[in-house]
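Taken together, the values in this text are just the output of simple stated rules run on the coordinates, not laboratory data. Just so it is clear, the structure is predicted and the values come from calculations on it, not from any experiment. Neighbour counts are summed over all protein chains in view; Cβ atoms, including those assigned to glycine, are modelled from backbone coordinates with ideal geometry.
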Amino acid sequence: MTAIVLVSGGMDSAAIIGLAAKKYNDLAFLHITYGQNTAQKERECFEKLANHYKVPKHKQKIIDISFLRQIGGSSLTDEQIEVTNFQGDSDQIPSSYVPFRNTHIIACAVSWAEVIGASKIYIGANEEDSPGYPDCRPSYYQAYNELIKQGTKDGSVSIETPVISMTKSEIIKLANQNQVPLELTWSCYRSNDLACGTCDSCALRLRGFKKLNLKDPISYVNS
């Protein structure tokens, strides 16, 4: 049995590698580049994680859907929209939301799953990660799984979202329990060099480590 893990290079997607590796001997890693600000760094982290987990080259795939940068509408893909600092927990959809991004990403994974015979697609979707993202809600994945049943040859592929309801500190604990190398991950929305520490993603990540009284293994501008 084969499982595809969507590996963005971020902390949440890395944490689920440890879970998938416990259940499946055969893992395939999929990375999507969509014209985001930190595409270079995220791809670098993907490659390091694939190397760490000894995923063979034919089970690694990078797909470019950078047409999302042409569409814009997000501070991650549109230079005219500012990446804002963390404003605290809110149900408002933040500027970093990329319109309908996860739908495109998962569609790529489902297509590849049909080709290589994978039955599961693991994604590190997390409700706490920029609260307000409509494509990080459990109901979204329930609906998507129904769509996959209707739109695939065998209807046997399904999405797994094991960390969707976890806090960041719980995700960090999970990753550490499974010896996931979080030093090889990246969360910053702004920089490909030193993490800014103030964008939504950095702030939530740092808060998770602080709650556990642990030091984040990556470097920040103000650290």
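Numbers for the structure displayed
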read-out	value
Candidate set from the stretch 154-168 (those that are of a type in the set (Ser, Thr, Tyr) and part of a loop (DSSP other than H, G, I, E, B)); member that is nearest to Gln142 (Cα to Cα)	Thr161
Index of the failed condition, Met11 passing every other in (1) under 14 Å from the mean Cα position of the chain (by Cα); (2) under 19 Å from Val110 (Cα atoms)	(2)
Pairs, first in a helix (DSSP H, G or I) in the stretch 169-182, second among the basic types (Lys, Arg), C-beta under 9 Å, six or more apart	Ser169/Arg207; Ser169/Lys210; Ser169/Lys211; Ile172/Arg205; Ile172/Lys211
Of residues in the stretch 43-81 being closer than 12 Å to Tyr97 by Cα and free of Cβ contacts under 8 Å to residues at least 40 places away in the same chain, the one farthest from the chain's Cα centre (by Cα)	Ile81
Residues of the stretch 17-71 satisfying the condition of being crowded, with 16+ Cβ neighbours inside 10 Å, of a type in the set (Gly, Ala, Ser) and not in a helix (DSSP H, G or I)	Ala28, Gly35
Residue count, the stretch 1-16 (criterion: of a type in the set (Val, Ile, Thr) and either assigned to a strand (DSSP E or B) or surrounded by fewer than 24 Cβ atoms within 10 Å (Cβ to Cβ) (or both))	3
